[in-house]
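Worksheet: the structure to be examined is printed underneath.
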Amino acid sequence: MAAAAAGAGSGPWAAQEKQFPPALLSFFIYNPRFGPREGQEENKILFYHPNEVEKNEKIRNVGLCEAIVQFTRTFSPSKPAKSLHTQKNRQFFNEPEENFWMVMVVRNPIIEKQSKDGKPVIEYQEEELLDKVYSSVLRQCYSMYKLFNGTFLKAMEDGGVKLLKERLEKFFHRYLQTLHLQSCDLLDIFGGISFFPLDKMTYLKIQSFINRMEESLNIVKYTAFLYNDQLIWSGLEQDDMRILYKYLTTSLFPRHIEPELAGRDSPIRAEMPGNLQHYGRFLTGPLNLNDPDAKCRFPKIFVNTDDTYEELHLIVYKAMSAAVCFMIDGGSEKEPQFKFIYFNHMNLAEKSTVHMRKTPSVSLTSVHPDLMKILGDINSDFTRVDEDEEIIVKAMSDYWVVGKKSDRRELYVILNQKNANLIEVNEEVKKLCATQFNNIFFLD
Amino acid sequence: MGEEDYYLELCERPVQFEKANPVNCVFFDEANKQVFAVRSGGATGVVVKGPDDRNPISFRMDDKGEVKCIKFSLENKILAVQRTSKTVDFCNFIPDNSQLEYTQECKTKNANILGFCWTSSTEIVFITDQGIEFYQVLPEKRSLKLLKSHNLNVNWYMYCPESAVILLSTTVLENVLQPFHFRFPPKQAGTMSKLPKFEIELPAAPKSTKPSLSERDIAMATIYGQLYVLFLRHHSRTSNSTGAEVVLYHLPREGACKKMHILKLNRTGKFALNVVDNLVVVHHQDTETSVIFDIKLRGEFDGSVTFHHPVLPARSIQPYQIPITGPAAVTSQSPVPCKLYSSSWIVFQPDIIISASQGYLWNLQVKLEPIVNLLPDKGRLMDFLLQRKECKMVILSVCSQMLSESDRASLPVIATVFDKLNHEYKKYLDAEQSYAMAVEAGQSRSSPLLKRPVRTQAVLDQSDVYTHVLSAFVEKKEMPHKFVIAVLMEYIRSLNQFQIAVQHYLHELVIKTLVQHNLFYMLHQFLQYHVLSDSKPLACLLLSLESFYPPAHQLSLDMLKRLSTANDEIVEVLLSKHQVLAALRFIRGIGGHDNISARKFLDAAKQTEDNMLFYTIFRFFEQRNQRLRGSPNFTPGEHCEEHVAFFKQIFGDQALMRPTTF
């Protein structure tokens, strides 16, 4: 049929033929574990595009995918179905994290012909789409999400299903609009990186620049250097760089190229941050370096998610054709390595960083129940005696639990510190008291 | 002040001589660096000691009056003694020559001899108050022959034996200096040439006193291969200068003398000068300290003269204990501390300090180790150290120190140090190369000026830096790997910048470090940009990494291909991966298939346990045999009997290729 269509294209009927490229029909993410029982199916759906679709249809479509995957798994347990071909569309399945499924439904390209009686005839081009191309696009969707949001699992750990749904909605709502499905091809399968050809000496000088910069600014953990949208150096590992490169070259750089091309007096140009005398500017990062109160806008990225799981801030500086990506430690916003519960019997003041949510029905704590039990045990010890005391318990794995009773105040601290000894733990608690309770008199 | 602070010291083994006293006169000869102790005018003995000869020369001579000056000619051949103001007496010390004294009177009438200098083993210059007379001594005839003379009024003179230049002070103010240069073409009589005279600017003095240039304020020394006249210009109250200064006049072989450098002393009082290891050392008696100046270090240039400040803060010469010798050593007497900066010290150029009252002659020495901590600017420290004679180990220790955990320098500083080292290294490599080219071109015979470049200690090559600095540095566990790699890359960058080919072991060090920290992607990028140059050992190293990092295999093969001399290695690599057909295609592609060993390929094919592959390979070689020798059979030399048998066993006798007959 494809051949026929091509032949028709050059025929006398060509003028009356309309072609429609492949288009995104729907895109959804679900986890079958979240609604295993009947009546709870809606809970499985974490994200659904387009959102306007009626609830039952969403549930049906998700259910169908689940069934297909489940069914095909019986034939090939290790390699479940990747795509489903129908006359009108193709569905692509991807399970990037265990039990999290992403599905993308792409409508086949259409040729609309004028029949002899003047009625339009629609022909679906079933064989036009390449499985590998669109499977890669789907995988890339996940990689891009992960780059800016971390893994699904991490979102679950941080704030449960609610947070994950929020993140998915926020990210994919915008991202799906930038998918140009009609222009995807072999290069999307490769997801390659274009390298800038460079002589050895210049390359070494760039190396030297990066090393010096990272030495003097030790918040910079990784650096990438690009020229003319081509990569010269990446401090990131290959897989992370691959997706970051994709983001830079298909999203960030093109977005900023327009004001740059515009003339100096153009109104778009006026919005550009930085000094106009200078060609260099931050694409992400501080709008104005001279103003310390100026807003800093830069995306967070997540790298090495299989391993060390690092959260970084991406600051991109571009001067002429050269671009440097500074990936700085997001550590300042990292969760503290300790959690505590504080209570003062005198005014009943209570403070907890252990509990995330406490409602009459549920009490969600962010620490292991065993640790909570140790806290309870320490509390019983405290009630038994009147004197002030301090109890330090080495709990499982890398956890230490410290209970401190001082003048009718109780403080419980859970520390997660690898290979710490008693003295170091004691020091940490002192530091904590100094930072969190510096206006309170704690007996040592 | 800790001991590590003193950067000047007196040599450990001074020349010891009998103290000067009313019956023992002491003389010093700057040309031979000998001390003469003349007892009772020589009647009770003359003892001559030099710095190198441990066996002093002793002899007696008749007391014919007070000795004013006594010196050996070069190589101790002839002794000259001045006892009167008109004559000089000579005595041969050449075996088989008469030892009877002979005398020469100065030619100029009414002139008084101020002194004399030997300019060679048989040539001597008399300096009189009316000019100079240049003689050749004919020892066998016991007479002298006047070669040349020149008349002018002389106040005083100075001789620099290293450059064979005599400086005469003329005019009433004594500040016009007339240099003469003596040349000694081999086996010819020496020549004397007059150089352009020049005037030393005297500082303004109060009208009551007559300004004049004192001999004490002038010195001559060779600094960085050039002759300089050093003038110690004292602080004058009328000028607004902040203190005394040393003015350096450059005295070239040809052309006029030019004022070049001014060393600012920032103090007043009594000074003495030495030149050690191309450094100008200025001793200050009032504070009993010394400072050093290096005219090669960057100073402030005002368009004609460069102003220099002391390289380091002023320090005393390291305290010195007079060694106890003889019977005193047996008694438990403690060594006597020597009085430094004593008023009885006499200083000679370039590096000699004599205490006539104590009977010692020392050479002044510069200690480099303490300077490392006194000069915090590492770039300046390197500039300084690279000009010193015995600098190698100190420089290497500075490098190690700046890479140590406690004294870690910043990368820009490390880069500067590497650049300075490699600048020196490159200069030497270039000199070496142009010498080699000149030798090849056969210029060595025609041009006597062509000399093999001297490798000074300042030339630190890659193996020095590798052995003494980098190999230990990368082993340090506590060092962050990011810093280790940055340092290695900085060194490689510096070598490349000076277009010095980087040695394989440095690349290996980089790879080792990257692999240790699993930074394979970084390694991959370095290779991609050819930062690590292609070489067979590197390719082999990469091959060995394949199990940790699979792409290393591809990188290695690419490298072998680029080398274009590693075809055998490529074949081996492919065979080891059981890619027998690929290996065969490759070797055929480069036209080497007629010379390869059939056995090797058949072995590899058999190992794959792929019978069809074995068949294909076997057939290929049968065809080769047919083409080369007209028969498909293997020769016994190819040792393929086992494979033929295997072939027959699997495919049968009839499968063997039949010889084509015509």
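Taken together, the values in this text are just the output of simple stated rules run on the coordinates, not laboratory data. Computed from a predicted structure; not experimentally measured. Glycine also receives a Cβ, built like all others from the backbone with ideal geometry; neighbour counts cover every protein chain displayed.
Arrange the peptides A:302-308, B:538-544, A:72-78, A:111-117 so that the one whose residues have, on average, the most other Cβ atoms within 10 Å appears first. Mind dumping the intermediate values first?
Values: A:302-308: 14.4, B:538-544: 19.1, A:72-78: 9.7, A:111-117: 12.1.
Order by mean packing, descending: B:538-544, A:302-308, A:111-117, A:72-78.
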Centre separation in Å (Cα based) which lies between the stretch A:70-90 and the stretch A:166-208: 29 Å
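Please give the FRET efficiency for B:THR191 paired with B:THR44, using the beta carbon to beta carbon distance and R0 = 45 Å, rounded to the nearest 0.05. Write down the numbers at each step before the final one.
On the way: r = 41 Å, r/R0 = 0.91.
FRET efficiency, B:THR191 to B:THR44: 0.65.
Within the stretch B:355-465, how many Lys pairs sit with Cα atoms under 14 Å apart, leaving out pairs fewer than 8 places apart on the same chain?
Numbers: B:LYS367/B:LYS389; B:LYS367/B:LYS392; B:LYS378/B:LYS420; B:LYS392/B:LYS420.
Final tally of qualifying lysine pairs is 4.
Using the crude model of +1 on Lys and Arg Cβ and -1 on Asp and Glu Cβ, and no other charge, please compute the dipole size for the protein assembly as shown relative to its Cα centre, in debye to 20.
On the way: 126 positive and 129 negative charges, 545 e Å.
So the dipole magnitude of the protein assembly as shown works out to roughly 2620 debye.
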How big is the convex hull of the Cα atoms of the stretch B:74-200, per residue, in Å³? 102 Å³
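Only helical DSSP H runs with n ≥ 4 go in: add -39500 (n - 2.57) per run for chain B, normalise by residue count and round the 222 nm mean residue ellipticity to 500 deg cm²/dmol.
Values: 18 runs with 194 residues, N = 662.
Here the helix-only value at 222 nm equals -9000 deg cm²/dmol.
Using a cut-off of 9 Å between beta-carbons, work out the net charge of the residues near B:LEU147 (Lys and Arg +1, Asp and Glu -1, B:LEU147 not included). Don't skip to the end; give the middle numbers.
On the way: positive: B:LYS145, B:LYS148; negative: B:GLU123, B:GLU133.
Spelling it out: positives minus negatives among the neighbours equals 0.
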Please give, to one decimal in nm, the separation of the simple spin-label points placed at A:ASP329 and B:ALA436, each 7 Å out from Cα toward the Cβ. 4.9 nm
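Only Lys, Arg, Asp and Glu count, each charged at its Cβ (+1, +1, -1, -1), so figure out the dipole size of the stretch B:568-624 about its Cα centre, rounded to 20 debye. Intermediate results must be reported in sequence, preceding the final value.
On the way: 8 positive and 8 negative charges, 31 e Å.
Using only the charged Cβ atoms, the result is roughly 140 debye.
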Roughly how many nanometres apart are two label points built 7 Å out from the Cα toward the Cβ at B:LYS107 and A:PHE20? 12.1 nm
Compute the long axis of helix B:567-576 from its Cα atoms, compare it with the longest principal axis of the Cα atoms of chain B, and write down the angle in degrees, 0 to 90, nearest 10. 50 degrees
Can you tell me which lysines have their Cα less than 27 Å from the Cα of A:LYS373? Leave out same-chain residues fewer than eight positions away. A:LYS154, A:LYS334, A:LYS339, A:LYS351, A:LYS358, A:LYS394, A:LYS404, A:LYS405, A:LYS418, A:LYS430, A:LYS431
³J(HN,Hα), Karplus 6.51/-1.76/1.60, whole Hz, each residue of the stretch B:485-493, x for Gly, Pro: 5, 4, 5, 4, 5, 5, 5, 5, 4
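Percent of Cα-Cα pairs more than 57 Å apart in the protein assembly as shown, please.
Details: 289429 of 611065 pairs.
For the protein assembly as shown, the fraction of Cα-Cα distances above 57 Å is 47 percent.
When Cβ neighbours within 10 Å are restricted to other protein chains, what is their mean count per residue of peptide A:204-213? Kindly include the intermediate steps, with their values, before the conclusion.
Values: counts 11, 3, 2, 10, 10, 0, 2, 12, 7, 1.
Across the residues of A:204-213, the mean count of other-chain Cβ atoms within 10 Å is 6.
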Along the stretch B:355-365, what does the Karplus equation 6.51 cos²θ - 1.76 cosθ + 1.60 (θ = phi - 60°) give for ³J(HN,Hα), rounded to whole Hz, x for Gly and Pro? 10, 5, 6, 9, x, 10, 10, 10, 9, 7, 10
R0 = 45 Å: FRET efficiency of A:LEU153 with B:ILE500, Cβ-based, nearest 0.05? 0.30
Residue by residue, what Karplus-based ³J(HN,Hα) values in Hz, rounded to whole numbers, does the stretch B:423-438 have, using 6.51, -1.76 and 1.60 with θ = phi - 60° and x for Gly and Pro? 4, 5, 4, 5, 4, 5, 4, 5, 4, 4, 5, 5, 5, 4, 5, 5
Could you tell me the distance between the Cα centroids of the stretch B:590-625 and the stretch B:26-71, to the nearest Å? 90 Å
Checked against the positive end of the charge dipole of the stretch B:239-282 (+1 on Cβ of Lys and Arg, -1 on Cβ of Asp and Glu, about the Cα centre), the farthest of B:GLY243, B:LEU279, B:LEU263 is B:GLY243
For peptide B:481-489, compute the average count of partner chain beta-carbon atoms within 10 Å of each residue's beta-carbon. 3
The long-range amide H neighbours of B:GLY269, using H built 1.01 Å from N in the peptide plane and a cut-off of under 5 Å, are B:HIS235
Which FRET efficiency, nearest 0.05, do A:GLN70 and B:TYR615 yield, Cβ-Cβ r, R0 51 Å? 0.60
Which far-off residues, 5 or more places away or on another chain, put their amide H under 5 Å from the one on B:LYS148, with H placed in the peptide plane? B:PHE134
Quick query: amide H of A:LEU231 versus all other amide H atoms, modeled in the peptide plane; which residues come in under 5 Å with a sequence gap of 5 or more or a different chain? A:SER194, A:PHE195, A:PHE196
How many angstrom separate the Cα center of the stretch B:125-153 from the Cα center of the stretch B:495-574? 73 Å
May I ask for the angle, rounded to the nearest 10°, between helix B:392-402 and the longest principal axis of chain B, with both axes built from Cα atoms and the value confined to 0 to 90°? 60 degrees
Projected onto the charge dipole of the protein assembly as shown (unit charges on the beta-carbon of Lys, Arg, Asp and Glu, signs +1, +1, -1, -1), the Cα from A:ILE257, A:PHE343, A:VAL69 with the largest positive-side position is that of A:ILE257
Pick out, from B:GLN136, B:PHE72, A:TRP400, the residue whose Cα sits farthest towards the positive end of the charge dipole of the protein assembly as shown, with +1 on the Cβ of Lys and Arg and -1 on the Cβ of Asp and Glu. B:GLN136
Partner aspartates and glutamates for A:LYS119 [C-alpha distance under 20 Å; skip if fewer than 8 residues away on the same chain]: A:GLU17
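Based on Cβ point charges of +1 for Lys and Arg and -1 for Asp and Glu, what charge dipole magnitude is obtained for chain B about its Cα centre, in debye rounded to the nearest 20? Show your work: numbers first, answer last.
Values: 72 positive and 69 negative charges, 292 e Å.
Dipole size: approximately 1400 debye.
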